[in-house]
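The values are calculated or read from the model by the stated rules, or taken from the named source; none is laboratory data. Everything numeric in this text was worked out from a predicted model, so none of it was measured. Only protein heavy atoms, including side chains, enter the accessible area calculation; ligands, DNA and RNA are left aside. Shrake-Rupley method; radii C 1.70, N 1.55, O 1.52, S 1.80 Å.
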Amino acid sequence: DYFRMGLNSGKQITTLRKEIAHTVSYFNIQKFRFDDRIQLYVDVPEEMLELPMIVLTLQPIVENAILHGIEPTGTYGEIRVHAWDTEEDLYISVEDNGAGINGEEFARLVTTRKDKNAMSGIGVANVDERLKMTYGSAYGLIYEGEEGRFTRVTIHIPKEK
């Protein structure tokens with residue numbers, strides 16, 4: 001299911017519903033690997049699930065949260081996916097309670113082209129670049145965090161019907 005959903009029949013646009021399903025499929029693989037030491041919570045209003053978005057946007061961010069946020073702590077971790085909208089924009093945040101991140105790491109994430117440790121090989125820098133190329137420079141990824149506490153990456157795209 002994970003690989004089939006990731007291919008998306010060669011289409012570049014998917015729905016938020018399908019992107020979440022793909023991400024949950026990936027997460028379930030990782031949950032098995034981590035012996036249930038990780039948990040994913042998804043809070044997305046039903047009315048937003050059919051909104052279009054670029055394929056392979058959410059999963060690489062969740063992947064990064066696991067590999068760089070939770071795994072280094074060696075303890076139980078949670079990832080929360082939350083979506084909200086305004087009249088014109090859609091926001092999807094991915095927050096983990098892992099190692100956190102500081103300003104230098106933010107800069108590295110934005111400029112690093114590809115995360116060689118990532119299973120998908122997409123990397124968050126690539127996601128940000130694809131969002132900006134598709135929707136314009138006002139859109140992309142927003143990074144927040146505090147070392148030792150949390151990291152939050154928010155996808156900001158226009159809300160299209």
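Heavy atoms of the protein chains alone define the surface here; on that basis segment 45-88 has 43 Å² accessible area per residue at 1.4 Å probe size. By a 1.4 Å probe calculation restricted to protein chains, GLU88 has an accessible surface near 130 Å², given to the nearest 10.
Subtracting the Cα-Cα distance of HIS156 and THR15 from 0.36 nm times their residue separation leaves 49.3 nm of extension gain.
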